[in-house]
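Below is one structure, written out as structure tokens; comments come after it.
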Amino acid sequence: MGIFTRLSSCLLIIMPSMDSSTTPIGPGSCTMERSTFSQHLKKLKNSIRICQRTHEKMPMITPVTFPKEVKYRPILENLIPPDPMARFHLKRGFPQEEFPDLCRNFTWMGRILTLDLYRRQFNRCTQSGVIFDDVIRPGLEEPGDYLGPVAVGCVAGDAESYILFCDFFDRVIEAYHEQKITSQTPESDLNYDNLKGGDDLDRSYAVRCEVSVVRGIEDFCFPTHCSRGERRRLLTLARQALQQLEQELAGRLLLLTDLSQEQQSELNLKAPTSFQLRIGVARDWPDARAVWVSENRSLLVWVNIDEHLRLVSMREDANVAEAFQCICISLQKLEKYYRGLRHPFIWKQQLGWVTSSPANVGTGLRISVLIKLQHLPTHKHLKDVLNRLRINMDKTDSPELYNISNMATFGFTEVALTQLVVDGVKLLTIMEKRLEGNLSIDELVPAQK
């Protein structure tokens, strides 16, 4: 009501004293009779009184409140990652001062990382304390070789790293696996009956095979960042899950501290490399490291060796189908047991299964076959053949033995990846036989990937 009172008061203040018969209201000679002006003023006061009575009858308007906003505001604010400079008081300069020298870095990290990209990641930090310099450390420790295979050159300290540093990790994953990351959830197929062949490789060339798969456990940091306590709790969880597996597949858990060097070599376990020590994977070795061995030696389960879990099935008869079946069955059982322990395997909607290395996202599956080759490794079309088959061929200590494995783990199902390796080994074997007979292999070179 005060606004109307102030309005009428202002009108009376600005109205001059009216001693004359006329009142000027503007420049020039335009005037108004006093009686006429008084009538207009009376009508204006009546209008103000009407507005006052109407305003008194109107209900008071209260501000609109949003209960959910008030309720969830603290949660939303907590999702904003804190600045590690304020959280840890790190003695660092500006991003341009801390940017690493990547001139002779041949990893995917070195090829992709720019100052602008580094600046965007610089002040980000996961809840467990992983900063971007932790992510790129492997590529700085091992910059790679111009002629060698291109490594990812980075590692995730925890599962949140793939989200917080997604604009960096997504580019590395797409470059390494040659697959685009979309909004679609990666498909999975662990039905080993869908695999065609794999038990019919030519034993004159195929020596042995190995199928392995890695998994990360929810609520735990990855090996480069986890603490001793976390690592020991992971071992306790693994013991509980493997005890359930032993009800269907007999085996026993062996601690590395109880194994001699000879026993570790028999299980295909190697001492940690200097690179693993530098990036933190092998910290406190061999504390809380173990391997579970089935009685028939068909399955090994590595615990805290290079990832949280690695399942390995080796076959001296190069029967990929049997090794793949063993992995599929055991993996699904362990997944069920870990879920029952309320620590499921780590899964991201757009990436699939994730572990510390971006090279293993998607399926985490590696299929390798050791084959004998003499003529094909020096053929001019070998590089094109391998790229189009999407497989790798690595040298071994023996000059005639080569390890054939899948190039990617992302963008394909488990069955599809295994089929790529099986079909690739068969084609390489056919090519080798033709070269032994001094025949051309030009017509066998795949047209495209």
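Observations on the model:
- Here's the list of aspartates and glutamates a cross-link from residue 380 could span, going by alpha-carbon distance under 19 Å and ignoring same-chain residues fewer than 8 apart: 394, 400, 432, 436, 442, 443.
- One Cα centroid belongs to the stretch 215-263, the other to the stretch 277-299; the line between them spans 8 Å.
- For residue 255 and residue 444, the difference between the fully extended length at 0.36 nm per residue and the C-alpha to C-alpha distance is 63.2 nm.
- Looking at the stretch 197-251, the trypsin sites (Lys or Arg not before Pro) that sit in a DSSP loop and have at most 11 other Cβ atoms within 10 Å of their own Cβ are 203.
- Under 9 Å, Cβ to Cβ, from residue 356 - net charge with Lys/Arg +1 and Asp/Glu -1: -3
- Pairs from the table (270/433; 372/433; 348/426; 196/426; 180/270; 91/348) lying more than 23 angstrom apart at Cα are 270/433; 348/426; 180/270; 91/348.
- Solvent accessible area, Å² - residue 266, 1.4 Å probe, full protein context: 130
- Rounded if a/c under 1.5, otherwise prolate or oblate - the stretch 163-236, Cα gyration tensor axes: oblate
- For the peptides 182-189, 333-340, residues were scored by their other Cβ atoms within 10 Å and the scores averaged per peptide; the highest-first order is 333-340, 182-189.
- Solvent exposure of residue 234, expressed as accessible area, is near 10 Å², computed with a probe of 1.4 Å over the protein chains only.
- Three-way shape label, the stretch 226-371, alpha-carbon gyration tensor, a/c 1.5: rounded
- Three-way shape call for the stretch 322-364 based on the alpha-carbon gyration tensor, with the a/c threshold at 1.5: oblate
The values are calculated or read from the model by the stated rules, or taken from the named source; none is laboratory data. Please read all numbers here as calculations on a predicted model, not as lab measurements. Here Cβ is always computed from backbone atoms with ideal geometry, including for glycine, and neighbour counts include all displayed protein chains. SASA here: full protein model, heavy atoms, side chains in, ligands and nucleic acids out. Shrake-Rupley method; radii C 1.70, N 1.55, O 1.52, S 1.80 Å.
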